[in-house]
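> For reference, the structure I am asking about is given below.
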Amino acid sequence: MKQMIKALWFGSVASLMCFLAAAHADVIDFDSQGLFGPPYFADAGPAQTISVTTSVGLVTFEGGVILTAEDGNANTTSVYATGHIFDLTNIITIAFPAVTSNFSITVGNDEPFSATYVLANSMGTSQSVALAMHTATQVIIPSVGTMITISAVIDHPGSWDFSIDNISFEAIPEPSALSLLVLSMAMMALSVICNTRLPLLRRHANIRFSPF
């Protein structure tokens, strides 16, 4: 019985640790990941697909390039940016290996005029943000599914220039992980009840129990 209780306790603690790890917030700011680039699109070259290792797996960025201390950007750190040059397109895509929640991102308008940006997720919802020239803002979205895209509403034909930074998110635990956690906690509670009640039953009812 004691060995069984120990096993249940260890299993429950392990499940709880896995659950908490899945709810851990990851932050990608490119600098911390050792990603640096030139300050100009002309020196960065064609679009770069960037994969960043997180606690839930690889997060992939497509459609832009890494720029550091980008010219015309108030942010002097590394960003992932796109502009109307080379083969860069008016869309940045971020793909996650799991369904995510509590998503936040800094979107920067690097144009010399105001612009509006649309953030659309794989769940079919979108959010727009208007930015003045050379400004940035944090956008918070409760859930983005497994993918989100950022694009500019082009008011000036053939012109876009924006960047993203400080991406934060949490992976939503899969139903199987939640079920395992609930089952483990229930078994742990049952083991405690059995461990405390059975000795009392033996003493008061003089019942012999066969060993497990």
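Each value in this text was obtained by applying a stated rule to the coordinates, not by laboratory testing. Keep in mind the model is a prediction, meaning the values are calculated, not measured. Counting neighbours? That spans all protein chains shown, and the Cβs are built from the backbone with ideal geometry, glycine included.
> Between the stretch 30-52 and the stretch 93-113, what's the alpha-carbon centroid distance in Å?
One Cα centre to the other: 16 Å.
> Quick check on packing: order 91-98, 126-133 by the mean number of other C-beta atoms within 10 Å, highest mean leading. List each step's numbers first, then the result.
Working: 91-98: 19.2, 126-133: 13.5.
Order by mean packing, descending: 91-98, 126-133.
> How much length is gained on full extension from Phe86 to Phe113, taking 0.36 nm per residue of separation minus their Cα-Cα distance? The partial results should precede the final answer.
Details: separation 27, 0.36 × 27 = 9.72 nm, distance 2.14 nm.
Extra length from Phe86 to Phe113 when fully extended: 7.6 nm.
> Now for a different question. With a 10 Å Cβ neighbour count serving as the proxy for reagent exposure, in which order, fewest first, do His134, His156 appear? Mind dumping the intermediate values first?
Numbers: His134 17, His156 11.
Arranged by neighbour count, lowest to highest, His134, His156 become His156, His134.
> Counting other beta carbons within 10 Å of each residue's own, what order do Tyr40, Tyr117, Tyr80 fall into, fewest first? Kindly include the intermediate steps, with their values, before the conclusion.
Numbers: Tyr40 13, Tyr117 22, Tyr80 26.
Final ranking by Cβ density, sparse to dense: Tyr40, Tyr117, Tyr80.
> Sort Val107, Val139, Val118 so the one with the fewest other Cβ atoms within 10 Å of its own Cβ comes first. Spell out each step's value before the answer.
Numbers: Val107 21, Val139 18, Val118 14.
Final ranking by Cβ density, sparse to dense: Val118, Val139, Val107.
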